Amino acid sequence: MEFVTYEQKGQIAVLTISRERALNALNSAVLNDIEEALNGINYDEVRCLIITGAGQKSFVAGADIAEMSNLSVAEAAAFSKKGNDVFRRIETLPIPVIAAVNGFALGGGCELSMSCDIRICSDNAVFGQPEVGLGITPGFGGTQRLARLVSPGMAKQLIYGARNIKAEEAKRIGLVNEIYPAEELMAAAEKLASGIAKNAPIAVRQCKKAINEGLELGMDEALALEEKLFGECFETEDQRYGMAFFLDKNKEKVKEPFKNK
Ligand code: CO8
């Protein structure tokens, strides 16, 4: 892979978009590389994925404007579909994904971060959907995910106004969970990922499914989905062990790591 590095560190993995000379802008080759890296995840071992950008300045500064500039209607729709397919894949990965946003997250970069389960950022991060200033709409899920993540009114204000916002404002509107000094961001992301990875992996996956799929349903169906996913945790080794450990009165032993994959 020319534009993505993928590194596994025990139960967590870090996917870094690495096209620094263009502030990690997403062209077709970068999207292909992201897809290839996702194909290579070993789910028997990896329990949480972190996505970040190479360098100190940018997470991803958007889809590649040079590549897009001369597209036909059909080609543009196809490029939008390609990005949407890759980001939907990220959104529905069986394991949680953390976006460690280390600088510009504009256009497709903001959209990439929104396909992740959790966003944290550096204090120099900038978020925005500047597309209408370029004569286009957001096309990698921005119109849909921003409206769901913040509120339709706030999403419309940001998208119609093509206004970039800094980390503090992104936190205030609920777009990111936490802000860190740039040099502490990756350590914070790894700590967050490790905190997730130590929990029962089947249960964590079921929670991701319950939240993501439940948000698409009416409340009655969503609760039925929760009941099903809750039920499926039972009789697993992790459920038996997790509850038996809690109930054990003789607790001098150290809690063993959860084993299920
Ligand atoms: N595409 C291509 N190249 C880029 C991009 C980009 N999105 N962003 C930066 N670059 C390149 C620059 O052209 C420059 O290259 P070079 O050195 O060869 O001139 C290099 O990266 C460094 O950039 P700057 O010199 O501009 O750096 P600055 O620090 O001055 O500015 C900014 C940084 C503010 C981030 C500025 O680069 C910028 O505004 N970039 C564009 C941001 C943007 O508008 N992003 C949205 C793009 S549209 C989009 O993402 C739509 C997604 C949906 C697509 C749907 C498919 C049809």
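Would the range 11-18 turn up any residue that is within 16 Å of the ligand (Cβ to nearest atom) and not aromatic (Phe, Trp, Tyr)? Walk me through it before giving the result.
Here is the first cut: in the range 11-18, the ones within 16 Å of the ligand (Cβ to nearest atom) are 17-18.
With the extra rule that they be not aromatic (Phe, Trp, Tyr), the set shrinks to 17-18.
Looking through the range 11-18, at least one residue is within 16 Å of the ligand (Cβ to nearest atom) and not aromatic (Phe, Trp, Tyr).
Does the range 117-129 contain at least one residue that is in contact with a Leu (Cβ under 7 Å, 6 or more places away or on another chain) and among the aromatic types (Phe, Trp, Tyr)?
Within the range 117-129, one or more residues are in contact with a Leu (Cβ under 7 Å, 6 or more places away or on another chain) and among the aromatic types (Phe, Trp, Tyr).
Of Leu106, Leu146, Leu93, Leu158, which residue is more than 28 Å from Glu190 (Cβ to Cβ) and touching a residue at least 24 places away in the same chain (Cβ under 8 Å)? Give the steps one after another, and end with the answer.
Working: Leu106 fails: more than 28 Å from Glu190 (Cβ to Cβ); Leu146 fails: more than 28 Å from Glu190 (Cβ to Cβ); Leu93 fails: more than 28 Å from Glu190 (Cβ to Cβ).
The unique qualifying residue is Leu158.
For (1) within 11 Å of the ligand (Cβ to nearest atom); (2) part of a helix (DSSP H, G or I); (3) touching a Phe, Trp or Tyr at 6+ places or on another chain (Cβ under 7 Å); (4) within 23 Å of Val204 (Cα to Cα), each residue gets a yes or a no:
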| site | (1), (2), (3), (4) |
| --- | --- |
| Ala29 | no, yes, yes, no |
| Asp33 | no, yes, yes, no |
| Glu36 | no, yes, no, no |
| Ile41 | no, no, no, yes |
| Gly55 | yes, no, no, no |
| Ala66 | yes, yes, no, no |
| Leu71 | yes, no, yes, no |
| Ala77 | yes, yes, no, no |
| Gly83 | yes, yes, yes, no |
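Which of the residues spanning the range 247-261 are among the hydrophobic types (A, V, I, L, M, F, W, C), part of a loop (DSSP other than H, G, I, E, B) and open to solvent by 80 Å² or more (accessible area, probe 1.4 Å)?
Passing the criteria: only Val254.
Among the residues of the range 91-104, write down those that are open to solvent by less than 10 Å² (accessible area, probe 1.4 Å), assigned to a loop (DSSP other than H, G, I, E, B) and within 15 Å of the ligand (Cβ to nearest atom).
Selection gives Gly103 alone.
Scan the range 105-152 for residues that are assigned to a loop (DSSP other than H, G, I, E, B), within 12 Å of the ligand (Cβ to nearest atom) and of a type in the set (Val, Ile, Thr) and jot them down. If you could, list the steps in order and put the result at the bottom.
As a first pass, look at the range 105-152 and keep what is assigned to a loop (DSSP other than H, G, I, E, B): 107, 115-117, 123-125, 129-130, 135-141, 150-151.
Remaining after also requiring within 12 Å of the ligand (Cβ to nearest atom): 107, 124-125, 129-130, 135-141.
Selection gives Ile136, Thr137.
In this structure, is Ala222 part of a helix (DSSP H, G or I), touching a Gly at 6+ places or on another chain (Cβ under 7 Å) and not charged (D, E, K, R)? Show your work before the answer.
Values: part of a helix (DSSP H, G or I): yes; touching a Gly at 6+ places or on another chain (Cβ under 7 Å): yes; not charged (D, E, K, R): yes.
Against the criterion (part of a helix (DSSP H, G or I), touching a Gly at 6+ places or on another chain (Cβ under 7 Å) and not charged (D, E, K, R)), Ala222 qualifies.
Name the residues in the range 187-246 that are of a type in the set (Ser, Thr, Tyr) and open to solvent by 30 Å² or more (accessible area, probe 1.4 Å), would you? Give the derivation first.
If we filter the range 187-246 for residues that are of a type in the set (Ser, Thr, Tyr), which is where we start, we get 194, 236, 241.
Of everything in the range 187-246, those that are of a type in the set (Ser, Thr, Tyr) and open to solvent by 30 Å² or more (accessible area, probe 1.4 Å) turn out to be Ser194, Tyr241.
The values are calculated or read from the model by the stated rules, or taken from the named source; none is laboratory data. Values in this document were obtained by computation on a predicted structure and should not be read as measured data. With ideal geometry, Cβ positions are generated from the backbone for all residues, glycine too; neighbour counts draw on all protein chains shown. The area values use the complete protein model at the heavy-atom level, side chains included, leaving out ligands, DNA and RNA. Shrake-Rupley method; radii C 1.70, N 1.55, O 1.52, S 1.80 Å.
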